[in-house]
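Right, one structure below, let's go through it.
Here, each number is a calculation from the coordinates, and none is a lab measurement. Because the structure is a prediction, the values reported are computed rather than measured. So basically every Cβ, Gly included, is an ideal-geometry build from the backbone, and we count neighbours across all protein chains shown.
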Amino acid sequence: MTPDETMRRLDDVLSHVWMVRTFLKHCEEAEEDDELRDVHRALYDYMLALGGPLNANDAAAYLKQAKKKLAKLRRAMELFLEIQPEISSHTNFQMAARSLSNAVDEVTRLLESPANTAAPQGNTAAPDA
């Protein structure tokens, strides 16, 4: 997979993270739970950090930033998985936990694949024809 293809695939996977973040941000429970707010803010921060390189079609910068911030994304997921049962056992929360876990696992897999373990060099955007 090329760096550009990896960037595009990551962006697709992160759409699931965005939906979980939106659900958590707007649920009533977030008004009462600081840790839950921390989770949806961390998810937002991860995606915000990738928006500039994505819009610039700069796969090298995107992948570099995605790797740099991956530990924070994983911590947010782990926190949510830990606190979710205490917050609510409703199916919506259970499915949000599964969705976030699956998405973060896929992000990790993509970023740690052999093709992406070497530091990307320069802008990988296709030249104008």
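Residues M19, M77, M1 in ascending order of nearby Cβ atoms (within 10 Å, fewest first): M1, M19, M77. Annotation: extensible slack from L111 through E35 equals 24.7 nm (criterion: 0.36 nm per residue apart, minus Cα-Cα distance).
Would you work out the relative contact order for the chain, in percent, from Cα pairs under 8 angstrom that are 6 or more residues apart? Taking the mean separation of contacting Cα pairs over the length of the chain, I get 36 percent.
Under 16 Å of direct C-alpha separation, and excluding same-chain neighbours fewer than eight residues apart, K69 reaches these aspartates and glutamates: D11, D38, D45, E78, D105, E106, E112. For segment 13-65, the Kirkwood estimate of hydrodynamic radius, built from reciprocal distances between every pair of different alpha carbons, is 11.9 Å. Simple spin-label estimate for A49 and E28 gives 3.4 nm between the two label positions (7 Å along the Cα-to-Cβ direction from each Cα). Normalised size of the chain, defined as Cα radius of gyration per 2.2 N^0.38 Å with N residues, equals 1.12. Protection proxy ranking, highest mean first, for peptides 96-108, 63-75: 96-108, 63-75, where packing is the per-residue count of other beta-carbon atoms within 10 Å, averaged.
Give, as a single signed number, the net charge of other residues whose beta carbon lies under 12 Å from the beta carbon of W18, with Lys and Arg counted +1 and Asp and Glu -1.
Values: positive: R21, K25; negative: D11, D12.
Summing Lys and Arg as +1 and Asp and Glu as -1 gives 0.
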